[in-house]
Amino acid sequence: MQSTIIRAERVEKYYAQPSENRIQVISPTDLSISEGEIVALLGPSGSGKSTLLRMLTGLSTPSAGEVYWHEKPIATADVNVSIVFQSFALFPWLTVFENVEAPLKARGMDPAERRKRALKILDTVGLDGFQAAYPKELSGGMRQRVGFARALVVEPEVLFMDEPFSALDVLTAENLRSELLELWQKKTIPTKAIFIVTHNIEEAVLLADRIVVLGRNPGHVRTDFKVALPHPRDRKGAAFTQLVDYIYKVLTQPDSQPPALPLTPAGKPVRDQRQMHYQMLPHARPGGIAGLLELLLDHNGKDDIYRLADDLAFEIDDLLPIVDAAQLLGFLKVTEGDAAITPTGAEYANSEILRQKELFRTAAVENVLLLRQIVRAIEAKSDRSVPEEFFHDMLDEQFSEDETQRQMETAINWGRYAELFDFDASRRRFIQPEKLHHDTDAGVTPGVEA
């Protein structure tokens, strides 16, 4: 039986508000990391992946619940972990050797021993001969090798990685993944477990022994399962493709129970019990939505989201907000990982700009509560003007301050495009455009029921 190294028990992360409510980032969550496994954590932007990583490493204290290191509270335990970051995070004024030696020096290790350890790990990760180089002299891939070497030189029991390959080109990332997997499988490194945060679904299925998928608002575990595929894994194999499609379905159906897993799951998904009042608006622009719909029309109106992302050379975090927005507006239907354009979506894609605005306006008012409320509030005021703060305060009860601002920015962008309202940035007020003001005087507001 695998020994559990890290165990999170009902951990939460939230921030208190002046009112009785609070901003919940991570809902009560159980998660463990055991010896001998690579765990991949997937989830959409804003689901709390990095927040959870920080709590598991002891860098951040949970608001509630407890994290245990070998069954001792992590705050009092002698924790031995390292983190590899997306941004390399090297000291530019130090050489490669000095960067790798730095954590050993910080621990007070004897100079002879730390030199021996640093040279050994540099050789292990393919940096032999680059000891005297400075980070600015290295490519992105080589700099990330330095990041790996610096993390591994302390011989961590658990190696954490926060999207370590996302800043690299495709070929370099593929090469580093393969080398990391080889080091792990051959036990060239003493690390007993690896925990990787990623937004790349194929990367997770390629590397991980276990995959955890988060939902958002607040962050919660939607599914947690073991990957029962032998290495090396065939990307074109049926089992590999089934798992990739399954994860896409989980990510693209955030409000439904996760679909049946093609392989036996390791645990039950935790459903989000918090009732949302406002939908979270996907941060996508109308132009991106139109572009996606036009592309789907060229694909006979339907395509697999996985293939679509691959064709566009998009990461899932880039494509999903656009898919979510089109689905929210009724222009797309997503079923089992396939995006199919609706009749309204097809009309939108084929129409001239003025007709597109009409269709977007109708869809936005019918499907987006926040936009509907803004329009009706403007109508109710004699001066056809409403302060932004009114809606900001309502959103602030549900979202974090940063997310509230992002929601407002998206709502303003959509509303302006659809000519539902205009926004006076100097006064921070929603106002009715002149065109709509005339229509309202005549007793008609386009796209809004009386």
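From (1) buried (at least 17 other Cβ atoms within 10 Å of the Cβ); (2) in a helix (DSSP H, G or I); (3) at pLDDT below 90, pick out the condition that doesn't hold for Trp414.
With respect to (1) buried (at least 17 other Cβ atoms within 10 Å of the Cβ); (2) in a helix (DSSP H, G or I); (3) at pLDDT below 90, Trp414 is out only on (3).
Among the candidates Met109, Met142, single out the residue that is without any contact (Cβ under 8 Å) to a residue 60 or more places away in the chain and under 25 Å from Asn175 (Cα atoms).
Going through Met109, Met142 in turn, just one is without any contact (Cβ under 8 Å) to a residue 60 or more places away in the chain and under 25 Å from Asn175 (Cα atoms): Met142.
Within the stretch 40-80, how many residues turn out to be under 15 Å from the mean Cα position of the chain (by Cα) and among the hydroxyl-bearing types (Ser, Thr, Tyr)?
4
What single numbered condition from (1) part of a helix (DSSP H, G or I); (2) modelled with pLDDT under 90; (3) buried (at least 17 other Cβ atoms within 10 Å of the Cβ) fails to hold for Gly447?
Gly447 satisfies every listed condition except (1).
Among the numbered conditions (1) crowded, with 17+ Cβ neighbours inside 10 Å; (2) in contact with a Ser or Thr (Cβ under 7 Å, 6 or more places away or on another chain), tell me where Glu37 comes up short.
So the condition that Glu37 fails would be (2).
Where in the stretch 317-403 are there strands (runs of 3 or more DSSP E), lying fully within it, with 2 or more residues that are in the same structural domain as Ala425 (by TED's automatic domain parsing)?
385-387
Being of a type in the set (A, V, I, L, M, F, W, C) and more than 32 Å from the chain's Cα centre (by Cα): is that true of Val386 here?
Criteria met by Val386.
Identify all residues within the stretch 81-108 that are touching a Lys or Arg at 6+ places or on another chain (Cβ under 8 Å), surrounded by 13 or more Cβ atoms within 10 Å (Cβ to Cβ) and part of a loop (DSSP other than H, G, I, E, B); write none if there are none.
Selection gives Phe88, Leu90.
Tell me, which strands (runs of 3 or more DSSP E) lie completely within the stretch 1-80 with 2 or more residues that are within 28 Å of Val250 (Cβ to Cβ) and modelled with pLDDT under 90?
In the stretch 1-80, the matching strands (runs of 3 or more DSSP E) lie at 4-16, 22-34.
The values are calculated or read from the model by the stated rules, or taken from the named source; none is laboratory data. Remember, it's a predicted structure, so these values are computed and weren't measured experimentally. When we count neighbours, we look across all protein chains shown, and the Cβ atoms used for this are built from the backbone with ideal geometry, even at glycine.
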